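Have a look at the structure below before the remarks.
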Ligand code: FES
Ligand code: FES
């Protein structure tokens, strides 16, 4: 067989001998190492704050300013209850299911258990305590009393705050809008019919309607 009829040697497949391939690859690796050596060292990441380190935060709650130092993991609910002594917002599930912890953030109902205290800086926080009017009960609170809209009362602060938020966004809600407005607030006592009546009455009160017994 003539030389030019021989099958290609396994060492020279594709026109590059095994020796040539190894040499090329070696040069490539050396070149890459040289480039890496010339690159500036990567910046060190900033140190993580310790989990229990306290950071400064300024919270506006019910019209008052509070300067505090809080751990980054603390919820707004924890800070309201344990640091500020505002215990109307209740701890129920602490995982965004029951609504017992509802507060207003810039007028919108939010779960305080699902909000980090640090996240609440710069917004107006309103708790049930902040709904009182001139030392007396606010309109929504009076409507809940008038309609007996509670049994054990554990969910009641969250329900009242949720209705307050609803009426700020929609001063005259219909029955279905009221149901939707408190859909995120569970009542294990099943006081819903009276809660719905109280919400409708609260809308009238806020528009100048008279207080009345149920
Ligand atoms: S305690 Fe916040 S949703 Fe239940
Ligand atoms: S009144 Fe008891 S949970 Fe609502």
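Quick note: the coordinates plus some simple rules give every number you see, no bench work behind them. Note that the structure is predicted; figures quoted are calculated from it, not measured. Cβ sites come from the backbone with ideal geometry, for glycine too, and all protein chains shown count toward neighbours.
Within the range 173-189, take every residue that is closer than 14 Å to residue 202 by Cα and loosely packed, with under 13 Cβ neighbours inside 10 Å and give me the one that is nearest to ligand 2 (Cβ to nearest atom).
Filtering first and then ranking leaves 175.
In the range 128-155, which residue that is crowded, with 24+ Cβ neighbours inside 10 Å and under 23 Å from the mean Cα position of the chain (by Cα) is farthest from ligand 2 (Cβ to nearest atom)? Write out each step before concluding.
First, the residues of the range 128-155 that are crowded, with 24+ Cβ neighbours inside 10 Å: 128, 140, 143-144, 149, 155.
If we keep only those that are under 23 Å from the mean Cα position of the chain (by Cα) too, we end up with 128, 155.
Numbers: 128: 14, 155: 3 Å.
Of everything passing the filter in the range 128-155, 128 is farthest from ligand 2 (Cβ to nearest atom).
Quickly run through the range 152-180 and pick out the residues that are more than 17 Å from residue 133 (Cβ to Cβ) and more than 16 Å from ligand 1 (Cβ to nearest atom).
166, 169, 170, 172, 173, 174, 175, 176, 177, 178, 179, 180
Are there any pairs with C-beta distances below 9 angstrom linking a residue in the range 92-108 that is over 16 Å from residue 78 (Cα atoms) to a residue that is assigned to a loop (DSSP other than H, G, I, E, B) and more than 16 Å from ligand 2 (Cβ to nearest atom), with the two at least 6 apart or on different chains, and if so which?
Close Cβ pairs satisfying both conditions: 106/123.
Given the conditions (1) touching a helix residue (DSSP H, G or I) at 6+ places or on another chain (Cβ under 6 Å); (2) more than 20 Å from residue 182 (Cβ to Cβ), which single one is not true for residue 61?
Of the numbered conditions (1) touching a helix residue (DSSP H, G or I) at 6+ places or on another chain (Cβ under 6 Å); (2) more than 20 Å from residue 182 (Cβ to Cβ), the odd one out for residue 61 is (1).
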